[in-house]
DNA sequence: CTATTTAATTGCTACTGGCAATTAAATCAT
DNA sequence: ATGATTTAATTGCCAGTAGCAATTAAATAG
């Protein structure tokens, strides 16, 4: 065993930072769960904006997520469309109002604190967080939800000079530059 | 403005790490809020184990915290005593069962992930978190809840060779070595 | 082409968290 | 001193949430 006290303190600090951020999330008409869903939809590619993927991402249940999304839809932050690929599935996208809301995400305040506090250490700090999350996800047998272009199914520049130059070998779908930067429910780290 | 994308990603990762940790907190018969309260009581000194201090720490309300503590009490994890210093106030302490529970705190899994992921970078990682939290707290006008010995009211070794060698200049109370390591609701960073 | 799996939703229920009102004790002001 | 104000804690009330199980519908497997 022998756990370092510093590691334990770091865990406590993360817990507390998140709680502070959360307390700032009651400002608008969205609750923390709704903010997290909105954030996810803003960053996820078009294959990943489904209730099932969101439930995985949030380590929650589909029933709960279904209600969270219904609430966001009712408030006008997201719009629902039936999936073209799968008749059982629905896809969500941010409405203009949703786009506007994420620009005022309370989490931005935490990001600014991080930037100011870490200064030149930011890259190392970020890397430590990434490595930690990787382990935490592996421990929970969860999915990574990493950026598309870091995936082992990503094929770069298969169609140069096209609007969608990249390609996903798993879904067999063309990918735009924006797609490749978004997070994906199917992402599996390259070289793993 | 111009917020670094890395800072934003770091904020997202913290959010996600905490959520993963939280999902592990449904194992026993305690919910996340109850875990946080138990954790706090395990680390707070005897001046700080009150509902009001806990409400400040959690950035929550006294009504909510009152119920959380009642629930912990009912389940046998904490014991309540009337305050000797203030007739309106009550103090909580972990029961033996509570002590046993914190030894299996789900947050320990996150701490182990942090330790394994950061390796030699742990001190720098911890420092970045501390600095970030300091700013986040200042922004929220909250209290620091730092370790007693880092406080400007802390007087070290006023009574050497005593069981309580240190002293708090604010509360005018003797402090044991264990007291000085605990977190305190009144803590104000030295040299601030 | 039937059986199974998967996606999503919804009824139900227990619980949570916030607000406001209440009680009681401490502190403040004259 | 004593009346007014502040502070600590609790509780009734209520809206909202999360989890579970059941249901519907579509996709996939045998």
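Quick note: the coordinates plus some simple rules give every number you see, no bench work behind them. The structure displayed is predicted, hence computed values, not measured ones. Because the Cβ atoms are built from the backbone with ideal geometry, glycine has one as well, and the counts that use them run over all protein chains shown.
When only C-alpha pairs under 8 Å and at least 6 residues apart count, what is the relative contact order of chain A, in percent?
19 percent
For residue B:97, which inter-copy label distances result when the label point lies 7 Å beyond Cα on the Cα-to-Cβ vector, reported in nm to one decimal and in ascending order?
The projected label point of residue B:97 is separated from its counterparts by 4.8 nm.
Mind running the shape call on the range B:51-192? Use the C-alpha gyration tensor, a ≥ b ≥ c as the square roots of the eigenvalues: rounded below 1.5 for a/c, prolate if a/b tops b/c, oblate otherwise.
Cα axes put the range B:51-192 in the rounded bin.
Expressed as cubic angstrom per residue, what is the convex hull volume of the alpha carbon set of the range B:20-130?
In the range B:20-130, the Cα hull volume divided by residue count equals 119 Å³.
Please give the peptides B:72-81, A:6-15, B:151-160 ranked by average Cβ packing (other Cβ atoms within 10 Å per residue), highest first, as a rough proxy for protection.
Highest mean packing first, the order is A:6-15, B:72-81, B:151-160.
What's the average, rounded to a whole number, of partner chain beta-carbon atoms within 10 Å of each residue's beta-carbon in A:105-111?
The per-residue average across the peptide is 6.
Compute the separation of the alpha-carbon centres of the range B:51-87 and the range A:39-71 and state it in Å as a whole number.
35 Å
Based on the alpha carbon coordinates of the protein assembly as shown, what radius of gyration and maximum Cα-Cα distance (Dmax) apply, in Å?
Spelled out, the Cα radius of gyration and Dmax of the protein assembly as shown are 23.0, 78 Å.
On the rotation axis linking copies A and B, which residue of A comes nearest by its Cβ, and by how many whole Å?
For chain A, the closest residue to the axis carrying it onto B is A:18, 2.
Which value in deg cm²/dmol, rounded to the nearest 500, describes the helix-derived mean residue ellipticity at 222 nm for chain A, given -39,500 (n - 2.57) per DSSP H run of n ≥ 4 and division by the residue count? All intermediate terms of the calculation are to be shown ahead of the outcome.
Details: 8 runs with 94 residues, N = 192.
The per-residue figure over chain A is -15000 deg cm²/dmol.
Explain nothing, just the number: relative contact order of the range A:59-99, from Cα pairs under 8 Å at least 6 residues apart, as a whole percent.
33 percent
Extent of the range B:85-136 along each principal axis, from alpha carbon coordinates, in Å, largest to smallest?
47, 30, 14
Applying a 10 Å radius around every beta-carbon, put A:86-97, B:139-150, A:121-132 in order of their mean neighbour count, most first. Mind dumping the intermediate values first?
Working: A:86-97: 14.0, B:139-150: 16.4, A:121-132: 19.7.
Descending mean neighbour count gives A:121-132, B:139-150, A:86-97.
Measuring from a point 7 Å out along Cα→Cβ, what nm distances, shortest first, does residue A:81 have to its partners in the other copies?
Here residue A:81 shows inter-copy label distances of 6.5 nm.
List the distances, in nm and shortest first, from the label point of residue A:155 to the matching label points in every other copy, placing each point 7 Å from Cα along the Cα-to-Cβ direction.
Going from nearest to farthest copy, the values are 7.6 nm.
Please compute, for peptide A:157-167, the average count of beta-carbon atoms on other protein chains lying within 10 Å of each residue's beta-carbon.
Rounded to a whole number, the mean comes out at 0.
How big is the gap, in Å, between the Cα center of the range A:147-188 and the Cα center of the range A:90-139?
Answer, in whole Å: 22.
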